[in-house]
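The structure under discussion appears below in the form of structure tokens.
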Amino acid sequence: MRNAEEFLEYCYVRNTKSLFKGFLMLVEDLKQEHESHFGKLRDALPEEYQDLINQADYLDEDKFEHLRKRVLDMGNENLRNFSTEFEKYTVSFRFNN
């Protein structure tokens with residue numbers, strides 16, 4: 001790193017990306033749980049109830065992609081906002097030896 005500002009920005013961006021990757025993993029976990037539970041429900045109920053189960057199944061691929069896009073959009077917006085705010089400051093470090 002060339003200076004304190006670059007180092008601080010690097011740390012912030014790295015940690016923010018890590019946070020939003022974690023959010024994406026949670027959304028993926030939620031989708032897997034949902035599919036597992038709805039699969040069990042479909043298997044346990046007679047054929048005559050399958051249309052009702054399909055109607056209740058809200059977390060389809062479109063909804064999942066929508067949630068995934070929202071997480072990525074929030075992460076990117078957060079990084080843009082940080083860059084805009086960060087320009088207002090001068091950062092320096094004083095190291096204690």
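Only the coordinates and a few stated rules stand behind these numbers; no lab work does. All values derive from a computational prediction rather than experimental measurement. With ideal geometry, Cβ positions are generated from the backbone for all residues, glycine too; neighbour counts draw on all protein chains shown.
If only residues of region 1-11 that are out of contact with any Phe, Trp or Tyr (no Cβ under 6 Å at 6 or more places or on another chain) and in a helix (DSSP H, G or I) are counted, the one that is nearest to residue 80 (Cα to Cα) is 9.
Applying a threshold of 7 Å to beta carbon distances and a minimum spacing of six or more residues, or different chains, the list of pairs starting in region 1-20 at a residue that is free of Cβ contacts under 8 Å to residues at least 12 places away in the same chain and ending at one that is assigned to a helix (DSSP H, G or I) and of a type in the set (Ser, Thr, Tyr) reads 1/10. Applying the criterion of being under 18 Å from the mean Cα position of the chain (by Cα) and more than 19 Å from residue 26 (Cβ to Cβ) to the residues of region 63-97, the residue that is surrounded by the most Cβ atoms within 10 Å (Cβ to Cβ) is 79.
Yes/no per residue for (1) part of a loop (DSSP other than H, G, I, E, B); (2) over 20 Å from residue 13 (Cβ atoms):
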{"residue": "24", "(1), (2)": "no, no"}
{"residue": "29", "(1), (2)": "no, yes"}
{"residue": "33", "(1), (2)": "no, yes"}
{"residue": "43", "(1), (2)": "no, yes"}
{"residue": "54", "(1), (2)": "no, yes"}
{"residue": "59", "(1), (2)": "yes, yes"}
{"residue": "65", "(1), (2)": "no, yes"}
{"residue": "77", "(1), (2)": "no, no"}
